[in-house]
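To keep things clear, I will list the structure first and then write my remarks on it.
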Amino acid sequence: MKTTLSNLCDSELQQYVKEGSNQAFEVIFDRYWKRLFAYAFKIYNDEKIAEDIVQEIFISLWEKSNEANILNLEAYLIKSVKYKIANHIRDLKFNPVHIEILHNIPYTFKTEKDLEYKEFERDIFNEIRKLPPKCQEVFMLSRFEDYSSAEIAEQLDISVRTVEKHISNALKHLKATIGTYHLAVLITGMFL
């Protein structure tokens with residue numbers, strides 16, 4: 001059955017996980033564990049911490065599977081790694097060596113991938129500008145400023161359902177014009 005499940009897309013696997021399927025969860029775990037670990041290690045450079053963070057994310061995913069409404073699992077998992085590492089760093093007590101390392105982290109890298117990404121990002125924002133103004137505003141608040149649907153609804157004086165409809169419409173448009181993978185790349189902010 002695990003072989004059959006491995007052919008399913010993420011949303012189908014998530015549905016099985018919501019129904020309590022351990023095998024579907026194992027497929028998701030196998031599909032993303034190495035990638036998430038590599039990403040966490042690339043950011044933090046501590047094997048044990050990176051491993052712990054990824055394990056915590058998968059535990060949380062399993063525990064909250066019934067209540068979670070994840071539209072893009074890959075982007076959600078990548079973003080979760082970023083948040084967990086940020087929280088871990090915030091809780092650390094830095095010594096002078098850590099502070100020196102943090103100060104010496106370069107902000108930009110002029111590599112071919114960075115240039116490709118900038119060009120790609122420009123194309124994405126051109127597509128976002130094609131959305132109706134309110135849809136564009138809601139999408140930008142949601143995906144680039146990390147506002148929750150409730151916060152957006154309150155700020156724009158519209159219902160949460162309307163916010164979710166705008167986000168759904170924006171995602172449909174972007175998926176149709178640029179594809180799911182590229183949309184995930186944009187939202188996570190980097191090539192992996």
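The values are calculated or read from the model by the stated rules, or taken from the named source; none is laboratory data. Bear in mind that the values here come from a model prediction, so they are computed numbers and not experimental data. Quick reminder, even Gly has a Cβ in these numbers, built from the backbone with ideal geometry, and neighbours come from all protein chains shown. Just the protein is used for accessible areas: all its heavy atoms, side chains included, with ligands, DNA and RNA removed. Shrake-Rupley method; radii C 1.70, N 1.55, O 1.52, S 1.80 Å.
Values as computed for the structure displayed
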quantity	calculated
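Here's the yes/no breakdown for (1) under 27 Å from residue 42 (Cβ atoms); (2) at pLDDT 90 or above; (3) open to solvent by less than 40 Å² (accessible area, probe 1.4 Å):
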{"site": "124", "(1), (2), (3)": "yes, no, yes"}
{"site": "128", "(1), (2), (3)": "no, no, yes"}
{"site": "131", "(1), (2), (3)": "no, yes, yes"}
{"site": "159", "(1), (2), (3)": "no, yes, no"}
{"site": "163", "(1), (2), (3)": "no, yes, yes"}
{"site": "174", "(1), (2), (3)": "yes, no, yes"}
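For every residue, the table says whether it meets (1) assigned to a helix (DSSP H, G or I); (2) polar (S, T, N, Q); (3) open to solvent by 80 Å² or more (accessible area, probe 1.4 Å).
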position	(1), (2), (3)
31	yes, no, yes
42	yes, no, yes
49	yes, no, no
52	yes, no, no
56	yes, no, yes
69	no, yes, yes
74	yes, no, no
